[in-house]
Amino acid sequence: MTTAGAEAPKIAVKDIFREAGLTALVSLSLLIPVVGFRIANRGGDQFLETRWPEVAIAVALIFFGRMFLILIRNGRLAMPITGGVVIAAIGWLAPIPSEFLRVVAISAGLVIVARAGFVVFTAQQKAATGRGFADGYRKALPWLAAALIVFALVLPFLPFSGRRLIDIAILVLTYVMLGWGLNIVVGLAGLLDLGYVAFYAVGAYSYALLATYFDFSFWICLPLAGLFAGFFGIILGFPVLRLRGDYLAIVTLGFGEMVRVILLNWVSLTKGPDGISGVSRPSFFGLEFKRYPPEGTESFHQFFGLEYSSLHRVIFLYYLILILALATNFFTRRIRTLPTGRAWEALREDEIACRSLGINPRNTKLSAFAIGAMFGGFAGSFFATRQGFISPESFTFLESAIILAIVVLGGMGSQMGVILAAVVLIGIPEYVRDLQEYRMLAFGAGMVLIMSWRPRGLLSHRDPTILLHSSRAKSS
Amino acid sequence: MTRDQPLLTVKHLTMRFGGLVAIDDLSFTAQTGEITAIIGPNGAGKTTVFNCLTGFYKPTVGRLTMMRDGTPWLLEQLEDYRISREAGVARTFQNIRIFPQMSVLENLIVAQHVSLMKASGNSVLALFGIGGYRKAERKAVDLARYWLDRVDLTDRADEDAGSLSYGAQRRLEIARAMCTRPSLLCLDEPAAGLNPRESGDLNELLRFVRDEHKIGLLLIEHDMGVVMEISDHIVVLDYGRKIADGLPDQVKNDPAVIRAYLGEDDLAEIGGGN
């Protein structure tokens, strides 16, 4: 593949048409059986329906999309941009047989425009500073981080935010925290962990069991749950110390499933598939969020003289997970500048070199597992207290896969990338739940697109933890 | 340290992989303030000797004694990561093993992991800002800067190590090994792939390390120019056995060495030509 050079290379119109035509032909042969025919059920009888307009539109989209992408690749931007706008406009205005096709057409047009726009943007960046997009991003990062934190702090009080938005924000933040926790293991220490959900589960169950059996409050259970999960991290760590890469992934996958199966079958302790319900809710320094608090106690709204609103607890939970997530982030950024964090990164790069430098690989790996697991445990106990009900169903392999996807798609080791990926993978699908059955399809397509477009993740840039030549504050 | 107690004493080192004898009853010594070269044809077992010394292999038979500050360390009994830590043996690798995605400076800071770990209370105290970690880190940067100046990489300290040229990566690897403050530095083919100018600079660097830092150097090298120029002492291996041991001039004229490098028949040919 050639990139857009300084002078646009000559490219024959014939070649463009041939490549676009070929792509269209391949997709046509796939689309005829997949989209073209459909078995419809009408009054108990089955008919074979044909959907030729859909096939035609899809093939046309693929033909033009391919053509525009070739043009963008060769540095011709005007035609793809206008073409993209036209496609989006046609999708918007023209009578198109199905809503789904309309959405596809509009987004295809917009993607082409965005792709061309991105090329223009990076070229300008390069021309202006002599460097690429990464450098501009690096400079803007501290401001971006500060702006994001401020935005997160005021979010519950913004005019457009409501119960649904805050709920989604809590969900996204939970995954951001899990992503940041797993990032320690996968992004920093380079240990591919496919069973991270096990620690999430250990944290959730520790909290739920301690709270129900011993009546401990949330604030006592939270550190205990983290400790238990960290302990499990070490237990998992020992047998896998010698493993790397694929082998490690398989063993951790097995461990994740083991924890879930134990939770499912140890009925006397965990109530098995029924799960644990009535997990106690967190209190605000002893003030509970109840309309009618038990005799002799005051509840949150009474203490502050507010009208009772069920939103109070949601907002409190939102801030709770925000603080937990920020603590994870803060810890990660700090540990990166300490010997342990640097040893993790060195271990990711080359274990043999690490040994030759006197770094103890066993302790280094175990500490990464334990600390990553601990944050997973914190997130788990938050999950338990938010839901009030937990069962093994919440801790399937899919969860591990999603958390790992967030880390990988965000860019290994990148904190900002995790936020972006969590919003893209969790927030947006949750927000547009109306698309229902297409949700997982879009989820998968998004992953494929991100990986083919930016194979090292959305924001894969890494800042050194220490600089020789300038005293500029470091951030990640 | 006297001549009676060499820095490194290798006695009866034997390494078998199944039926294959990679090293057969090898004994030699290396002294502080000397460059000892191990040479030999391909497959003679040179890198295996290194791997035994640095703990990556456990020798089948043999005793490897390293003297550090008057204390003997038996290398064959130490775990690999403790060999650098306790016995002060640092090494470089035949195929370079730097940390490519970390900056040049970070590579050198990681090399000082052991002392920084101590200063930071195993990172735990430093996490809460307790203790003298910042000071220790500044000292570590000073040591790193010293070696960066020596290997001429100061200007590139903040770049990714992976973006350096091949020759620069070799120099970085040596600087990184020196940042562990070793007593013995083992270099596995440091001149491989270097151009003549870089190779000359390397000789300078190795002499500097020997003379200024008073440590022992152990060198595997194919480039005879480098070996003859800088070695104080040469050990020649062939099929895992030592066939010569002595000063460069002695070794150069040793018939057994010439035979090993040129082969019996070729030697006969040369002899016939005379």
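Below, the figures for the structure above:
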| read-out | value |
| --- | --- |
| Full-extension gain in nm, A:Met447 to A:Thr396, via 0.36 nm per residue minus C-alpha separation | 16.4 nm |
| Relative contact order of region B:99-181, pairs being alpha-carbon contacts under 8 Å that are 6 or more residues apart, as % | 47 |
| Projected-area mean, the protein assembly as shown, by convex hull of Cα positions, square nanometres | 46.9 |
| Value of relative contact order over chain B, rounded to a whole percent, pairs C-alpha under 8 Å and six or more apart | 26 |
| Only Lys, Arg (+1) and Asp, Glu (-1) charged, at Cβ; region B:77-210 dipole about Cα centre in debye | 500 |
| Estimated 222 nm signal from helices in the protein assembly as shown, with DSSP H stretches of n ≥ 4 weighted -39500 (n - 2.57), rounded to 500 | -17500 deg cm²/dmol |
| Charge dipole (chain B, unit charges on Cβ, about Cα centre) - positive-most of B:Leu217, B:Val141, B:Phe99 | B:Val141 |
| Separation of alpha-carbon centers, region B:184-236 and region A:253-272, rounded to whole Å | 59 |
| Rounded if a/c under 1.5, otherwise prolate or oblate - region A:146-453, Cα gyration tensor axes | prolate |
| Crossing angle, helix A:78-93 versus chain A [Cα axis fit, 0-90 degrees, rounded to tens] | 70 |
| Those aspartates and glutamates that a straight Cα-Cα span of less than 15 Å connects to A:Lys139, excepting residues fewer than 8 apart in one chain | A:Asp463 |
| Relative contact order (%) - region A:146-453, alpha-carbon pairs under 8 angstrom, separation at least six | 37 |
| Selection from A:Ile62, A:Leu366, A:Ala204, by position along the positive dipole direction of chain A (Cβ) | A:Ile62 |
| Average beta carbon contacts from partner chains per residue of B:104-114, 10 Å cutoff | 6 |
| Separation of alpha-carbon centers, region B:24-81 and region A:20-75, rounded to whole Å | 68 |
| ³J(HN,Hα), Karplus 6.51/-1.76/1.60, whole Hz, each residue of region A:359-365, x for Gly, Pro | 7, 7, x, 5, 5, 5, 5 |
| Total charge dipole magnitude, region A:146-453, about the Cα centre, Cβ charges on Lys, Arg, Asp, Glu only, Debye to nearest 20 | 500 |
| Between region A:144-178 and region A:288-366, the Cα center-to-center distance that results, in Å | 16 |
| Sorted by Cβ neighbour density within 10 Å, fewest at the top, the residues A:Leu263, A:Leu467, A:Leu153 | A:Leu153, A:Leu467, A:Leu263 |
| For chain B, built as a Gaussian network whose Cα springs stay under 10 Å, the top-fluctuating residue of B:Gly216, B:Gly162, B:Gly70 | B:Gly70 |
| For chain B: rounded, prolate or oblate by the Cα gyration tensor [a/c cutoff 1.5] | prolate |
| Out-of-range pairs (alpha-carbon distance over 30 Å; input B:Lys139/B:Lys214; B:Lys214/B:Lys252; B:Lys46/B:Lys214; B:Lys46/B:Lys139; A:Lys365/B:Lys118; A:Lys365/B:Lys11) | B:Lys46/B:Lys139; A:Lys365/B:Lys11 |
| Of A:Gly162, A:Gly444, A:Phe228, farthest towards positive along the dipole that unit charges on Lys, Arg, Asp, Glu beta carbons give chain A | A:Gly444 |
| Global geometry of region B:18-78, whether rounded, prolate or oblate, following the gyration tensor of its Cα atoms and the 1.5 cut on a/c | oblate |
| Per-residue Cβ neighbour rank within 10 angstrom, fewest leading, A:Ile335, B:Ile130 | B:Ile130, A:Ile335 |
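Read-outs throughout are calculated quantities, based only on the coordinates presented, and are distinct from any laboratory measurement. Please read these numbers as outputs of a predicted model, since none were measured by experiment. All Cβ positions, even for glycine, are placed from backbone atoms using ideal geometry, and neighbour counts span all protein chains on display.
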